[in-house]
Amino acid sequence: MASRAMITTGTHGTFGLGSSMPFPPGFNVKKPQLTPRKASEPEKRPSLISPIVDAGLGKTMPQGYKATVAQLGTFELPEQVTGGSRDRRLGKALVQAWRKDGIIQIAMNDTQKKLCDDAMAASRRFFKKPHSEKAACVDSQSYAGYIASGEEVTDGIADYSEIFTITKDLDASDPRVRARWPCHGPCPWPDVEMKDPMVRYSDILGAEGEKLLKLVELGLDVAPGSLTRYTRDGWHHTRVLRFPPRNATNGRGKEGRGIGSHTDYGLFVISAQDDVGALFIRRPSQNEAFANWRKSAAGFKEDADDWVYVPPAYGVHTVILGDMMQYLTRNYLRATPHKVGLNTRERFAFAYFHEPSFQAVLKPLETGCGGGLSKDNVSCSSQEEEEEEEEEEEGIHYGTHFTNMFMRNYPDRITTKRLLAEDRYSLLARPELRIMART
Ligand SMILES: [Fe+2]
């Protein structure tokens with residue numbers, strides 16, 4: 001479902017891609033289905049809309065990068081996942097696409113398109129506000145709210161992204177806020193013009209995420225509920241992102257960049273981007289070893305030239321996988337390393353994180369994929385084996401993993417300071433914060 005061609009940008013850039021070009025090995029290309037469906041035939045829900053063969057896909061890539069250009073086909077998800085054979089086939093196709101390409105593209109329906117457009121307009125309005133108004137949108141208990149350009153640090157280097165993070169919006173009367181659970185608190189909205197479209201868009205992505213998770217269960221041949229049990233009261237959140245245009249003081253490398261190379265911490269991330277383009281990923285078939293929950297993967301292969309550029313396309317979401325999916329599937333589905341450059345124009349994007357509950361303690365799946373998820377299938381060093389055994393005993397507490405990530409990314413934020421000053425971190429070990437352990 002994807003093809004690729006090498007592109008080099010810069011003063012002597014070269015580019016080659018076209019319908020006559022043979023697709024390189026490793027990319028599964030489905031030709032367009034030209035036979036029209038007869039009115040009497042039952043609908044064959046297409047799992048994949050054929051890729052658009054467009055020689056211009058790479059032209060949006062930011063300057064100074066050498067990367068392969070992904071040409072993704074687009075999956076169409078059913079209205080509902082019922083577990084029938086069509087859903088199962090689709091689930092398997094999604095799993096295989098992630099295993100090969102590290103990213104899938106799914107079509108938005110008309111409602112999603114409208115909500116995405118509304119949210120994009122609200123994002124542009126918000127980021128145009130004066131700095132003082134945006135900077136006031138912080139909360140000392142939750143990590144929700146505004147993150148100024150240069151405030152986020154990935155692997156010791158400033159990210160020039162400007163972000164509004166939306167986490168579970170809990171007021172002071174919520175028992176978890178009263179009990180001072182780490183990261184639990186209100187979302188400091190600037191106004192209702194921002195709040196309403198963002199909540200509507202996030203909610204519809206929550207439904208989409210749950211649908212995808214059910215399809216992953218089918219694709220992995222694991223029992224229904226094996227994954228969705230963890231997302232009851234999921235700690236889903238959304239990041240509204242603006243990237244400034246590249247200029248003399250930002251760009252690639254030590255001077256700062258969009259967002260440095262990293263993996264995301266949850267199950268998967270559903271993203272939308274405008275037409276500017278700057279997202280790069282690494283493919284699982286590159287067979288690289290990392291386990292971000294054990295040792296930070298930030299900065300991983302940051303300056304390598306073998307990244308894959310994901311060109312923007314209107315009316316689609318892309319989905320990459322996170323650390324917890326990698327952990328649950330024992331590396332069968334790996335987290336997707338990604339990074340974001342800066343382009344010649346400012347750029348807007350959304351990243352919705354579909355996450356386990358804050359209280360969930362995750363343990364790897366035991367079965368599935370005809371033995372593909374068994375321990376024997378994963379090669380690792382003896383030290384890693386030891387660490388793995390320890391993890392399996394205890395599992396991974398998602399709330400701790402999330403808190404560690406945010407404390408690491410925002411060491412100077414008021415939220416981190418209060419969390420440490422009030423020793424909220426120690427609460428993460430309490431049994432009431434770990435009620436979702438698998439039995
Ligand atoms: Fe990310």
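Filter segment 326-348 for residues that are within 14 Å of the ligand (Cβ to nearest atom) and in contact with a helix residue (DSSP H, G or I) (Cβ under 8 Å, 6 or more places away or on another chain); which is nearest to His401 (Cα to Cα)? Residue satisfying both the conditions and the ranking: Ala335.
So that you can scan it fast, the table gives a plain yes or no per residue for (1) at pLDDT below 95; (2) β-branched (Val, Ile, Thr); (3) surrounded by fewer than 19 Cβ atoms within 10 Å (Cβ to Cβ):
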{"residue": "Gln105", "(1), (2), (3)": "no, no, no"}
{"residue": "Phe126", "(1), (2), (3)": "no, no, no"}
{"residue": "Lys129", "(1), (2), (3)": "no, no, yes"}
{"residue": "Ala136", "(1), (2), (3)": "no, no, yes"}
{"residue": "Gln141", "(1), (2), (3)": "no, no, no"}
{"residue": "Glu151", "(1), (2), (3)": "yes, no, yes"}
{"residue": "Glu162", "(1), (2), (3)": "yes, no, no"}
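For segment 231-270, the candidate set comprises residues that are of a type in the set (S, T, N, Q), assigned to a loop (DSSP other than H, G, I, E, B) and surrounded by 20 or more Cβ atoms within 10 Å (Cβ to Cβ); within that set, the residue that is modelled with the highest pLDDT is Thr263. Every condition in (1) in contact with a helix residue (DSSP H, G or I) (Cβ under 9 Å, 6 or more places away or on another chain); (2) within 25 Å of Thr228 (Cβ to Cβ) is met by Asp171 except one, and the failing one is (2). Looking at segment 109-124, which of its residues are closer than 20 Å to Pro78 by Cβ, loosely packed, with under 15 Cβ neighbours inside 10 Å and touching a residue at least 12 places away in the same chain (Cβ under 8 Å)? Residue satisfying the conditions is Thr111 alone.
Taking residues in segment 314-331 that are of a type in the set (Phe, Trp, Tyr), and partners anywhere that are assigned to a loop (DSSP other than H, G, I, E, B) and surrounded by fewer than 24 Cβ atoms within 10 Å (Cβ to Cβ), the pairs with Cβ atoms closer than 8 Å and at least 6 places apart or on different chains are Tyr314/Asp275; Tyr327/Ala291; Tyr327/Trp293; Tyr327/Pro364.
The values are calculated or read from the model by the stated rules, or taken from the named source; none is laboratory data. Small disclaimer: the values here were computed from a predicted structure and weren't measured. Cβ coordinates were reconstructed from backbone atoms using ideal geometry, including for glycine residues, and neighbour counts include every protein chain displayed.
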